[in-house]
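The values are calculated or read from the model by the stated rules, or taken from the named source; none is laboratory data. Remember, predicted model here, so these are calculated numbers, not experimental data. Methodologically, a virtual Cβ is constructed for each residue, glycine included, from the backbone with ideal geometry; neighbour enumeration extends over all protein chains shown.
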Amino acid sequence: MLRPNTQVGAIIFNAKNLVLVGCDQTILETVVDLTSLEKLLLHKVLKLKHLPSELFHRLTALSDLEIGNCDELTVLFNLFGLPCNTSLKRLKIWKCSLKLLWPEEEYGLPHLLEGLEISDCTNLTILPEKLHSLKSLETMKIINCPRLVALPDIYSPSKLRHLQIKECEALQSLPKGLMHKESLTLEVLEIDGCSSLKCFEKGELPLTLQKLKISNCSNLNDLPAGLLSKNTCLECLQISRCSLTSFPLVCPRPLQSSGSSSSSSSDSSPRLKVLEVRDCFDLKFLPDGLHNFIHLDTLLISNCFILESFPDGGLPPNLTTFSISGCEKLKALPDRMYTNTSLQDLTIDDCTSLTSFPGGGLPRNLKSLRVDGCGDLKSPPWWDLHKLGSVKKHKISNDP
């Protein structure tokens, strides 16, 4: 039975969940009797330097373990307690003094672990290579570990579907094996605040990738070749605050003519739905063949100061939202915008080099129009918004 705690702290307990806050580490000696325990949260546990092995030998139902604000915890465990636990599915660690998870000579984590999250562990410099042996791991998040210089390699077979790396300023490279396109099932990749990261390894990202988000990587200046043309499952691409100069991408397959049909061609066409490019101050070019992305419905571009023009071919045919702002050197909008009958929301802000609109008029189904801070840009006389019944909301101003 769990004995009353004689130390300052709090215990919140029911048959399946236990929360220990501000307790002395000796209280863990009584936890081993709770064989039905499924979730354990250790918060500000005093004098906790490692997790006792006997804790996991007997907690055979434990599936969720969270450890936070344990200042003296420098290694996750000693001996072989944690690997012997076959029920643990989720492990979350934050604001601890960890330098490593476990010594390399030890076995590591339970082989059925599905989720691993480590955040705000500022002393952590390395993750064990044996992480790749976790065949059930689906989600891994490493957040604000500024001294971490490398991530363990990823080998096939792997069930990893979501990888998030955030605020790891010393990280210089992504895991090897990540660019083996046919051996992984990764669906979401998020990279944020990794200022030492300069490039991707040679190769291609997994073909299963659905979302790629890269932000605040000030030294990253390129993307994997063929990202938009070969990663046909990719639906969302968000790039912000990177040193990207262009999209070194292979043009997607051209649209089929009305008199031809090909199911294989349709299956292999890019599925990109959302493209966001923000605060990429060195970006000169958008991807060629942009008009061929027939599934793209949202295009957002902001603060790309040296972007001067759009690629030939105009906008994608099924675009519903188009916003461009803070592009000071942009001299022209995409051609033939009036043909984009799916376009409903159009925003043009702070593009001070624009002087004219493309000819042909507004898309006939436009519902919202905003033009602001564009210097001498004037609305053409043939744009009679009152006659365009679809426009419900509009603002046109040339005030800088």
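Observations on the model:
- Within segment 41-73, considering residues that are among the polar types (S, T, N, Q) and at pLDDT 85 or above, the one surrounded by the fewest Cβ atoms within 10 Å (Cβ to Cβ): Asn69
Yes/no per residue for (1) farther than 23 Å from Arg241 by Cβ; (2) of a type in the set (Val, Ile, Thr); (3) surrounded by fewer than 18 Cβ atoms within 10 Å (Cβ to Cβ); (4) without any contact (Cβ under 8 Å) to a residue 12 or more places away in the chain:
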site: Ala170; (1), (2), (3), (4): no, no, yes, no
site: Lys176; (1), (2), (3), (4): yes, no, yes, no
site: Glu190; (1), (2), (3), (4): no, no, yes, no
site: Phe200; (1), (2), (3), (4): no, no, no, no
site: Gly203; (1), (2), (3), (4): yes, no, yes, no
site: Leu207; (1), (2), (3), (4): yes, no, yes, no
site: Ile214; (1), (2), (3), (4): no, yes, no, no
site: Cys217; (1), (2), (3), (4): no, no, no, no
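- Any chance Asn318 is surrounded by fewer than 18 Cβ atoms within 10 Å (Cβ to Cβ), modelled with pLDDT of 90 or more, over 23 Å from Leu197 (Cβ atoms) and of a type outside the set (Ser, Thr, Tyr): yes
- Segments classed as strands (runs of 3 or more DSSP E), wholly inside segment 166-251, with at least 1 members that are in contact with a Lys or Arg (Cβ under 6 Å, 6 or more places away or on another chain) and of a type in the set (Gly, Ala, Ser): 211-217, 236-242
- Where strands (runs of 3 or more DSSP E) sit wholly within segment 87-145, those with at least 2 residues that are over 21 Å from Glu187 (Cβ atoms), modelled with pLDDT of 90 or more and in the same structural domain as Leu48 (by TED's automatic domain parsing) occupy 90-94.
- Residue in segment 22-29 that is in a strand (DSSP E or B), under 18 Å from Leu91 (Cα atoms) and at pLDDT 80 or above present: no
- Residue list for segment 219-231, restricted to those being modelled with pLDDT of 85 or more and surrounded by fewer than 18 Cβ atoms within 10 Å (Cβ to Cβ): Asn219, Asn221, Asp222
- Residue match in segment 316-324 (condition: more than 16 Å from Val371 (Cα to Cα), out of contact with any strand residue (DSSP E or B) (no Cβ under 9 Å at 6 or more places or on another chain) and of a type outside the set (Lys, Arg)): yes
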